[in-house]
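Undergrad: Quick one: the structure is below, questions incoming.
Every number here is computed from the coordinates shown, using simple stated rules; none is lab data. In this text, all values refer to a predicted model and were calculated from it rather than measured experimentally. Here the Cβ is made from the backbone with ideal geometry for all residues, glycine too, and neighbour counts use every protein chain on show.
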Amino acid sequence: MAPLARQLEERIRAVVKGKNAVVRQPPACVFAEGHLLIEDRPRRGQDHPALSWPKPLGLSLQRIQFIADFPRGHPGVSVFNSRDNTFEFKPGPIFHHIILADEINRSSPKTQKRLA
């Protein structure tokens, strides 16, 4: 295993106890540029692994709370700049290396289907 992957795994293992799959999957997922879904019972600490990954890799993290009235501004918004008479794009939270999508089950069925 590469030293960086080992360092990441050790960092996650310090936060997450007794869940080997949760500890071993994130490094492989990050290096493969893939997606990872961690499912568990409520209040079992799914957020802790994700919060421990970015720092050793120099990556950015943003948490998105999914709710029934999920806002549309996550990709970003264009804001009119009256001084320059132009629109400026303000990137939303999806413009990060790691996105923690929390409480997906609380979003609308249409949103859940789009995430599948």
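Undergrad: Enter the angle in degrees (range 0 to 90, nearest 10) between the Cα long axis of helix 20-31 and the first principal axis of the Cα atoms of the chain, meaning the one along which they spread out most.
TA: The answer is roughly 50 degrees.
Undergrad: Mind ordering 99-112, 75-88 by average Cβ neighbours within 10 Å, highest first?
TA: Working: 99-112: 13.6, 75-88: 9.5.
Order by mean packing, descending: 99-112, 75-88.
Undergrad: Additional query: Can you give me the long-range amide H partners of Ala101? Hydrogens built in the peptide plane at 1.01 Å from N, cutoff under 5 Å, separation of 5 or more residues or another chain.
TA: Counting only residues 5 or more places away or on other chains, the set is Ile64.
Undergrad: Hey, what's the Cα Rg ratio for the range 2-41 versus the globular rule of thumb, 2.2 N^0.38 Å?
TA: On the way: Rg = 10.2 Å, N = 40, 2.2 N^0.38 = 8.9 Å.
Dividing the Cα radius of gyration by 2.2 N^0.38 Å gives 1.14.
Undergrad: Next up: How many percent of all Cα-Cα pairs in the chain sit more than 21 Å apart? Before the final figure, lay out each step's value.
TA: Working: 3172 of 6670 pairs.
So the portion of pairs separated by more than 21 Å is 48 percent.
Undergrad: How far is it, in nm, from the label point at Glu33 to the one at Asn85 when both lie 7 Å from their Cα along the line to the Cβ?
TA: Between Glu33 and Asn85, the simple spin-label model gives 4.1 nm.
Undergrad: Less than 17 Å apart at the alpha-carbon level, and either on another chain or at least 8 residues along: which aspartates and glutamates does that give for Lys19?
TA: Straight-line reach from Lys19, under 17 Å: Glu9, Glu10, Glu39, Asp40, Asp47.
Undergrad: Turning to a different aspect of this structure: Between helix 3-15 and the chain, what is the angle of the helix's C-alpha long axis to the longest principal axis, kept within 0 to 90° and rounded to the nearest 10?
TA: With both axes taken from Cα atoms, the answer is about 90 degrees.
Undergrad: Quick one: which residues, 5+ away or cross-chain, put their amide H under 5 Å from the amide H of Ser108? H built at 1.01 Å from N.
TA: Residues meeting the criterion, in which the H sits 1.01 Å from N, are Phe70.
Undergrad: Of all beta bridges DSSP finds with both residues in the chain, what is the antiparallel percent, to the nearest 5? Intermediate values should be presented prior to the final figure.
TA: Details: 6 of 11 bridges.
Approximately 55 percent, going by the DSSP bridge assignments.
Undergrad: Further question: Going by average Cβ neighbours within 10 Å, how do the peptides 32-38, 9-15 rank, with the highest at the top? Before the final figure, lay out the partial values.
TA: Numbers: 32-38: 11.0, 9-15: 16.3.
Those peptides, ordered most packed to least, come out 9-15, 32-38.
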